[in-house]
Structures are given as structure tokens and as C-alpha cells.
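A quick write-up on the structure given underneath.
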Amino acid sequence: MFTQIHSSYLRDRWRYLRKHSAHSLILGAACAAIIFSHRHLSAPPPFPLDRATITTFLAQTPFDNYRANRQQQFLIYAEATARDSLHQAIATNPYDASVFFHAFLDRSLYLRFMGKPDSSQLYETLAGEIAQVFAEQYADSFFIHRFEQLAHLGKSSPKNLSNWIVARTAFMRGIDYDTSRTRITFNMRCLEYAHTQFQRLGDLKQAADNLWWLCNFHLRAVDDKNQIYDLARQWLHVSREIGYRDNELEALLLMAEIYDSRRQRDSSDICIKAATRLALEIEKPYALASLLDVRLVDAIARNDIRAALSILSDQFRLIQKIRYRALKAETHAKAARIYHALADYNLTLAHLDTAIILKRNLSEFADLPSLWLHQAKVHLELGDWQHALALADSALQGYEGLQNISRKAGTLGLIGIIHLWKKNFRQARAYQRQGLAALDPRRAHIVQADLWNNLGDIARQDSSWREAEQAYIAALNVGEDAQYHPAQAKAWLGLGYISLQQQQTDSALARFQRAHTIAEDAVQRELIWNCHFGLAQAHANAGHLAAARLHYDSTIAALEHIRNSVSRLDFNMNYFSTVQRVFDSALGFALDRAGDRLLALHYMEKAKARNTVDLLYRQIANASNLREAQNTHADSSFFQLAANPANVQSRLDDSTAILVYRVMDAKLIIAVLNRSNVEVIQTAITGHELRQKVQNFRRIIGIDGRDAFQKRLQQYEAQALRAETERQSAELYQWLVAPVAHMLRQARMLYIIPDDVLYYLPFVALKDERDKRLFLEKFAPTFAPSLTALQLMLQRSTPFAYRAESPALLIAMDSKSIPHAKLEIKAVANFFKNATPKIYTHLTRLELTGMLDRFQGIVHLALHADVDDSQPLHSFLILDERRSNRSQRGAEVKHLTLQGLRYSSARLRDDAGILRAADILDLDLHGQQLAVLSACKTALGQNLSGEGMMGLTQAFLCAGAERLLTSLWDVDDRSTSELMRAFYRHLQQGAPPARALRAAQLQMIQNLEARASLSYAFPYFWAAFVLTGRGDHLNNLLIWGTANKREYPLILKFAFIGVHSRLEIWASYLIDNP
């Protein structure tokens, strides 16, 4: 077999011969045959061969691991000569037995070559029994023919045996399937060498298997359809020649797939029909399932989503019936592709998760990179680029191990797009070009088209318009050659944006329309809404206002539909934050082109707090058990609860107004609603300028804690610090309030709906430079996430009415770091007759949730808290003094984040000592009139674009709390205790919560100025707390035009309370403003 055999190999074999003299005749003959073959066989092995190499590749192969327990059972029957049990096992599991036959026969030859005739005889006998059963019971002579051929080869000719062993070793070397490294490393020379030798030896079954692996190599590694076609034809011919019908069926299916890729439908149909007949003849349900799989692949390739869904349903039914796990994994992977095209992210992720689990259970690690890559694409579309990058890196490593050039190039392209999200244009370009350089220009057209489109997107966002146009044209040409419709649609979309930038409106409209037509035909929903968005902008530029509005509305409707397909709260929020540019553009159109203030307010509302609205609506539906609410679509606010400005205005009294902010990159938009008017104005303040200004103001007032603030007082002259604080507060007032001051002349109570950085701003500390009055002196502010959220919160709540008999849950932590918490909670207890303060050094999560759940009344928690600004709803209250250390809290946040917990499902241990915002969402807080979180930063969380602040405040509100008092920074323990006592005192005197907080803060200012020699109270000590929810008073109890019949008695019941409360407002105002 060798023409250049290594002398080291001969020496090793001779030493082995001398050491094992008992089998010297066999080994001597084998060794002589090896030496003789040096002269008579022309082809040398493509790698050095010695005993260690043979042992490495043949002593234990991946095929020996297939159903290892069942193989062991077959061996036990053979050793015990229990033929009846063996035959019954073969009849029960014919498919497994067919696989075991080849494994046992191959192993018998290896053991005979290694000088172990007894063990070899056991495996040979077992293979012979299986072959005999198939010949007698199934009239399948293929197994008996191969058994007789190889058994004769092993016994009659040591030379042929050694040649077969070398060929087998080359074959295993060619498919180096290292399960410990989870990869297959193809060696083309070894596979070709093994194929030639098996044909010479007449082992056509092994030659056919080798052809399958050669096809697999060209399919996985080089995507060479022409070479696959030639190999598949050989595979089909050899399988038919030896009666290897299973392989013949697989070859027919592969041929059909190749003809489909060549768009030769007639030839594909012929192969499918032949495969169908053969599958029925050999009664192979697995083959029928594989046949459906081919049709499914074809439907996906043709973008025939309806046909794909129908085939998918049939496929799952058949797989469930026959329990075909390998194909089940593949089908889940294909289902993920279909639902991804439909932008159904829930089902996409579910099918991908299932496919990955099945692949791992089956040890099919080579298929994992493609699933990781698909997951990375989904996560990127959902705005989770960090997770996407980790998955893409894993996929890249997998493809490098598999030597799959085209998939590796596609993965490089995706990593480049992730860098584009990070605005790293240089890295993004480098990855695309690296991917293109790795590809053969004559092959992998789909990957090429995607990479060119990616390069166009990068250049367009980098304002390199000429480069972008060239890339899109290249993508279009490649996509048309490959008939790859998604790439064509994306290329036309990119070209449309280039025309739009060049003010070529007609060209832009034509290109966007072309993209939309292709995307509709291909059922690519993510591309469809992008096409609507492009058409909206083009029609707006052309002055087609009605058409522009239609396309903006279509875009937003499509986004709402996609958003509803994402059930995971964190993914939903991330996705919504990635599409805010759509709402900014629509808002600009409404103001600049259409001049429609109500339309502008409508678009502002569509862009705000959608998940908060959904959670609020579901809480109300669960609490009231309204049948109509339960049957409503999940996105309640879009279909039923869209804010109606006229309806809102009719519910406002003369002293109440609403301020709505929208922070955009190029401008700031402020909307004001009072009882008689709606005003929407634009200012030239950019988002960057506003963020910088708010950040500077927060830093100057001391948000980093009391110690840092005291150091700042020592470092700077107090008067200079006061002057700088007042200067910055005046500038912010001029930016945020002064432009709409004419609409607020009669307002005393303000509902503020902030946006972006304004969630961090203490509005009460702003100062009007003209009359030297603080915002707090003019208004009693209350905050809300959006107009729709405000409507929902008002609908479910009742006017606040203090009663000393009200139930009160008062809890404080006994901690050295917050010594005034105990005093605070005891002071608050004095305002309630039946309240007993509860002071703990440690409290478990279950204990606290047990007290909070279904508690109706007033809740006051004086604890530690910490904020996670990287994950929504991972902020938490600290219930254990041992966890109050700052570094420990940070570590806990990191632990929670890395676990990737799914909200409302995952739990820490009962004694974890923290209560996350996600845990609070699981509680029923309906009927809690007021919740006070007297701790640090409880008003903060993760600030997501569009969604707003997501943290403890939103969790309490969405769980049912009607009002929430929380803080914007690390508050001072002593001043917080004083503020809370003053707050409850004013509540006791009849003031509604918003005015009670205002009066308490004004009182704090007076006290601080009286104590200090500065005649100035720094906002750090009094401005941290904000009220969210219903601040009272409004003219209404119902927000929508229709009411449940059970609610009418409530209107009569509270009619007197409403009149009485208005008198109290006037009295409170006279007290606060003598």
C-alpha cells in the first residue's frame, strides 16, 4: 500500500511482533504483507503511518459511540449466545441494528489486525447474526454480501486486511471528528485516498460512505455545488450497484437539493418522486421525514413562507410520531428561519433554543455554529449587541474549526455590523472586507451579497455616499445573479436612502417602492417596515403629506406588531429603543411638514413607555377581571388606549397642566396640555447639549453623596458654589420651562412626562431668573411615564384621602450606615393609629414579599437600595444589613446580570437578602394608595431610549401601587428623616400627596436656611424625592368615554370628595403662598 513507507513504522511493527510472540504468525504475515505492499501499490498514504496512528483513529471511533448502551446489550447477548434475545433486539430496533452491523464488522477487522482474534471473532459473529436476520426477515441481501466479503478479506489475505486498515485509518483521519473539541476537521487528501483504496478493495459500502463525507466537505467547507453534483452522482451510482438502499435514498434527496439550487425544478421533481417511491418500498418513515425536510428547504429558498409553514406543520407531526430526534433538531432550526422572516421573535428564539439543546444531546456539535450565528442575528435586531457579539464570536470559532469558509465570512460580516452599532466604522469595514477576501468570487453569492450590503450600510452611516452606492450596486448584482431576494430588497433600500440624501426625490421613491415590492414578495417583515419608513421620508420631501402620513403610520403599526412578538421584557425594551429614529422622523414631519400639533403629540406618545403601558394595562385587567380587557390584544395601548388629548384636557381642572418632553439629537420638543389648549414647540437645544447640562447640574448639587458634597463645600467657597448652582438651575429653567411659561400661568399642579436625561433632573430645584422663584415655589410636580400610562394610573386609582385608621406597613433597616432610618419609621408610625414599625437587621425576600403582596394601604420602606443601569428591572432593595456594603451590592448586581435571568421566573435563594424590581412585578399591589421608598436612587434604573426609566419605581407602579415617592440620588439620612416627617404631617392636614411633598420640601428649605449661616439650602438636602403616579386633584375618575357599570356608583360616591378636595387645594395654596 505504501511506496514511501517510513522505516520507523517497520521498526515499530517488528518490535511489536517480537514482544507478542504468541501471535507471531498473524503479525508476521501482516508485517510481511505491509512490506510486500510497498512494492505493489502505487499510492502512498497522505500522512505518516505507524501503529500509534492506527490506534489513535481506529481504537475508538465516533461511530462506536452511537447508542453505546444498546450496543453493549447486543454484545452481552452475543457473549451469552442468547440468539433469541439478540434476534428480538434486532427486530425491535432494525435501524439501530443496521448501524451496529457496520460498526461491529469494522471493529472485528481492526481487532484481527491488532492480533486479538478472540475479540475479533465475537464482533464478527455478532455482525453475522445481524446480517442473517436482515436477509431472512427483510429479504435484504446487502448486509450478508458485505459480511461475507469483509470476513473473507480479514481471514484469507493479510495483505488486503492491512490495506483495508490503512484505508480505514485514512478515512477516519479525513473526518477527524474530535468530539472533545466539538469540531470536524476535514482532510481532503485523506478522503480521496481512502475512496480510491476502498474501490480497489471492493468495499463499495465504505466507498459510498466516503462519498457522503466528500459531499459533506464540499457542502460545509467550500460550498462547491458543481463538485457536490459530481460526487452525489457517483454516490447514487455506487449505492444502487451494491443495493445500499438507505444511501441511495439519501443520494436522491441530495440530488434534489442540488437541482433546486440550480433552479432545475423538473430534475428536482424527478429525484423527489424517485425518493418517494424508494421510501415507501423500504418502509422508512425517517426517509419520508427527510423528504418533507427537502421540500421545506425548497420552500424557504423560494421565500414561499405560506408553503413552508404548511410543510413545517406536517413535518412536526411526523417527527413527533416517529421520534426522529436528529431531524427534529434540524426542523426546529428551519422553523426559526421561517419565523425570523415573519419577525416573530418569540417563536424564533424558542425554536433556536430547542434546536441547540437537541443538537447538544445528540453530540452534533458541528451544527452549533450556525445556530449561534442565527441567535446572534436575532439578538442584534433586538438591540442586545453585547450578547450578539458573544454568540457571533462563538460561531466564528466553530466555523474556523470546521473550515467552513463561506459561513466564516458571513459571521465576520455580522461581527462588523455589531461594531457599526458601536459606531466603530473602521472595525466594521475591516470585518466586511476580511469576509469578502476570504470568499471565492465565483461561489457563495448569498454571503457575498450580504457582505456588500453590510459595507453599504457602514459607508452610508459614515456619510461616505459614493462608497455606499458602489457597495449597494455590487450587492444588487450578486443578489440578482443568485436570485437572492432579501439582498436585492436591502440593496434597493440603501440606494433609495442615497437618492434621498442627494435630494433626488423621484429616484428615491422609485427605489424604495422597488425594495418594498421585493420585500413583500419575500415576506421579510423587518425589511418591509424599513421600506415604509423610506417611502414616508421620500413622500414628505416631495410634499405628498397624505402619502407620507400613511407610510409613517404603516411603519409604526409594523413596529408595534413586531414588538408584540417579543415576550421577554428586556428584549422588548431593547428592540423598542433601537427604532426611536422612526418616531423622531415622524414627529419632525408632523411639526415641520404637516404643521399638525395633535399629530405630533400622537407620535410623541407612540414613542413612549410602551412596555410600561402594557404592564399597567395587564395589572388593571388582572385586578378587575374585566372580560373585555382579558380578550384585548397584548399591545393594549396601540389598539384601545391611545392617548386622546381632548379627552385628557376635559379631565384637567384649571390649576393642572401636563408637560411632555421629547429629547432628540438635533432639538428638544416640549408639549403642554392645559384645560383649554395644546401647544407643541421646538427648541434648538440638541440632545448632547441637554445631557451635558443636566449632568453638570447634578454634579454641582451633590448627587454623589453627602461626604462628597461636604468635600466640595470645603474645596470651594460656599457662596461660589451657591452662585454656580443658581446659574445652572436658571439656564435649565430657561431651556425647559420658560418656552411654555405662558401656558402655565394658572397651573399649580404639573404632571411631567420626562424623556431621556430628564428622568435624572430634579425639576423642583430649577429657578426662574426673572422672578427669582424656584420651580417648587410655583408648581407641585408629579411624574408619569407617558400620557397613556397616566390615563391608566388615574383610571385604576382613587383620590388620596388620609385617615389615621388606614393600614400602614412601616419597615426600616437597623443599620449603622443609616442610623436615622429607625427614628424616621417611628416618627411616621405616630401618624397612624394601628401602625407598628418593624425594624430588622436582616429580612428575607419571601418575608418582605409576603408582607407586601395584596397589602392595601400605605407602605413606607426605609432601607438601602442600589441601581443597575445596565439591565432593566435588576435594581433592588437591600433587606440585609450584611449586604449594605457598597462593594457587595455591586458584586450582587454583576452576578444577577451575568446570569441572564428571565423576569418573573428566575429566583435567587430565599435568604438572598435583596428584592429585585423583577420580583416586585410578580406581586399584587392593587390598593396601595402610597408607597414610599426612603432609600438611595430608588427613582432610577436603566434609562432606555423611548421606554424611559425602568427600575423600582416602574415595578411598584406596574404591580398596582397608585403613587410612589422615590429618590434621584444617594440621599442624606438625616435630612430624609426630617422630610418624611414633614411630608406625613401635611398629609395629615389634608393636602394631597403632590402638595404635601411640595410643602415638606419648602419647609426643609426654610429649616436649612435657618440653621445655616449661608442663608441658602443646597438642593442636595431637599430636592431628591419625586412623586410618580396620581398626584391629585383632577376633575374625573374615569378616563375613557365608556365605563364599566360597576364604576358609576364610585362617581357618586366620590363626587362630594372631589368638591371638598378642590376647597382643600385652595386652602393649601394660601398656606404655601401667603
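The values are calculated or read from the model by the stated rules, or taken from the named source; none is laboratory data. Computed from a predicted model, the values in this text were never measured in an experiment. No Cβ is skipped: glycine too gets one built from the backbone with ideal geometry, and neighbour counts run over all protein chains shown.
Can you tell me which condition Gly401 does not meet? The list is (1) among the small types (Gly, Ala, Ser); (2) crowded, with 24+ Cβ neighbours inside 10 Å; (3) more than 24 Å from Ile338 (Cα to Cα), and all the others hold.
Here Gly401 clears every test but (2).
Looking at Gln375, Gln386, Gln315, Gln320 in this structure, which one is of a type in the set (S, T, N, Q), surrounded by 16 or more Cβ atoms within 10 Å (Cβ to Cβ) and farther than 26 Å from Gln483 by Cα?
Gln315
Step by step: first the residues of segment 829-845, then only those that are over 35 Å from the mean Cα position of the chain (by Cα), assigned to a loop (DSSP other than H, G, I, E, B) and not hydrophobic (A, V, I, L, M, F, W, C), then the one that is farthest from Gly913 (Cα to Cα). Which residue is that?
Out of the qualifying residues, it is Lys833.
Looking only at segment 556-578, count how many residues are touching a helix residue (DSSP H, G or I) at 6+ places or on another chain (Cβ under 7 Å) and assigned to a loop (DSSP other than H, G, I, E, B).
Qualifying residue count for the region: 3.
Please report, ordered by residue number, the helices (runs of 4 or more DSSP H) entirely within segment 53-117 with at least 1 residues that are more than 24 Å from Leu153 (Cβ to Cβ) and in contact with a Ser or Thr (Cβ under 6 Å, 6 or more places away or on another chain).
68-79
From the list Leu877, Leu861, Leu848, pick out the single residue that is under 20 Å from Ala961 (Cβ atoms), modelled with pLDDT of 85 or more and assigned to a helix (DSSP H, G or I).
On inspection, the qualifying residue turns out to be Leu848.
Looking only at segment 654-684, which residues are surrounded by fewer than 20 Cβ atoms within 10 Å (Cβ to Cβ) and not in a strand (DSSP E or B)?
Those that are surrounded by fewer than 20 Cβ atoms within 10 Å (Cβ to Cβ) and not in a strand (DSSP E or B): Asp654, Ser655, Asp665, Ala666, Lys667, Arg675, Ser676, Asn677, Ala684.
Return the residue satisfying two criteria in turn: it lies in segment 579-597 and is of a type in the set (A, V, I, L, M, F, W, C) and assigned to a helix (DSSP H, G or I), and of such residues it is farthest from Glu560 (Cα to Cα).
Per the stated criteria, the residue is Leu591.
Tell me which residues, restricted to segment 743-778, are assigned to a loop (DSSP other than H, G, I, E, B) and free of Cβ contacts under 8 Å to residues at least 40 places away in the same chain.
Residues satisfying the conditions are Arg745, Leu766, Glu769, Arg770, Asp771, Lys772.
Can you confirm whether Ala522 is among the hydrophobic types (A, V, I, L, M, F, W, C) and either under 19 Å from Ser499 (Cα atoms) or surrounded by fewer than 19 Cβ atoms within 10 Å (Cβ to Cβ) (or both)? Spell out the reasoning first.
Details: among the hydrophobic types (A, V, I, L, M, F, W, C): yes; either under 19 Å from Ser499 (Cα atoms) or surrounded by fewer than 19 Cβ atoms within 10 Å (Cβ to Cβ) (or both): no.
Taking the combined requirement at face value, the residue does not satisfy it.
May I ask you to list the residues in segment 585-605 that are crowded, with 20+ Cβ neighbours inside 10 Å and touching an Asp or Glu at 6+ places or on another chain (Cβ under 8 Å)?
Residue satisfying the conditions is Ala590 alone.
Using beta carbons and a limit of 9 Å, which pairs, at least six apart or on different chains, have the first residue in segment 525-545 and among the β-branched types (Val, Ile, Thr) and the second one part of a helix (DSSP H, G or I)?
Hits for this filter: Ile528/Ala489; Ile528/His516; Ile528/Ala519; Ile528/Glu520; Ile528/Ser554; Ile528/Ala558.
Just checking, how many residues over segment 992-1009 are without any contact (Cβ under 8 Å) to a residue 12 or more places away in the chain and crowded, with 24+ Cβ neighbours inside 10 Å?
Adding up the residues that qualify gives 0.
So, in segment 479-491, exactly how many residues are in a helix (DSSP H, G or I) and farther than 10 Å from Ala519 by Cα?
Residues in segment 479-491 being in a helix (DSSP H, G or I) and farther than 10 Å from Ala519 by Cα: 5 in total.
Could you please let me know if Thr798 is buried (at least 17 other Cβ atoms within 10 Å of the Cβ), under 22 Å from Gly1029 (Cα atoms) and of a type in the set (S, T, N, Q)? Give the derivation first.
On the way: buried (at least 17 other Cβ atoms within 10 Å of the Cβ): no; under 22 Å from Gly1029 (Cα atoms): yes; of a type in the set (S, T, N, Q): yes.
In short, no.
Need pairs with beta-carbon distance below 9 Å; first residue not assigned by TED's automatic domain parsing to the domain that holds Thr976 and within segment 824-844, second surrounded by fewer than 20 Cβ atoms within 10 Å (Cβ to Cβ) and at pLDDT below 90; sequence gap 6+ or separate chains.
If the second residue must be surrounded by fewer than 20 Cβ atoms within 10 Å (Cβ to Cβ) and at pLDDT below 90, no pairs are left.
Being farther than 15 Å from Ile858 by Cβ, crowded, with 21+ Cβ neighbours inside 10 Å and under 38 Å from the mean Cα position of the chain (by Cα), is that true of even one residue in segment 810-818?
Yes; the residues of segment 810-818 include at least one that is farther than 15 Å from Ile858 by Cβ, crowded, with 21+ Cβ neighbours inside 10 Å and under 38 Å from the mean Cα position of the chain (by Cα).
Looking only at residues in segment 445-459 that are surrounded by fewer than 24 Cβ atoms within 10 Å (Cβ to Cβ) and of a type outside the set (D, E, K, R), which one is modelled with the highest pLDDT?
Among them, the one singled out is Ile446.
Please verify whether Asp911 is among the acidic types (Asp, Glu), within 18 Å of Ser815 (Cβ to Cβ), assigned to a loop (DSSP other than H, G, I, E, B) and at pLDDT below 85, treating the condition exactly as stated.
Here the answer is yes, as Asp911 does meet what is asked.
Within segment 711-733, does at least one residue satisfy the condition of being within 23 Å of Gly1031 (Cβ to Cβ), within 41 Å of the chain's Cα centre (by Cα) and not hydroxyl-bearing (Ser, Thr, Tyr)?
Within segment 711-733, one or more residues are within 23 Å of Gly1031 (Cβ to Cβ), within 41 Å of the chain's Cα centre (by Cα) and not hydroxyl-bearing (Ser, Thr, Tyr).
Anything in segment 341-373 that is part of a helix (DSSP H, G or I) and under 22 Å from Glu520 (Cα atoms)? List them, or say none.
Ala341, Tyr345, Asn346, Leu347, Thr348 - these are the residues of segment 341-373 that are part of a helix (DSSP H, G or I) and under 22 Å from Glu520 (Cα atoms).
Can Leu371 be described as under 26 Å from Leu420 (Cβ atoms) and touching a residue at least 60 places away in the same chain (Cβ under 8 Å)?
On the way: under 26 Å from Leu420 (Cβ atoms): yes; touching a residue at least 60 places away in the same chain (Cβ under 8 Å): no.
Answer is no for this residue.
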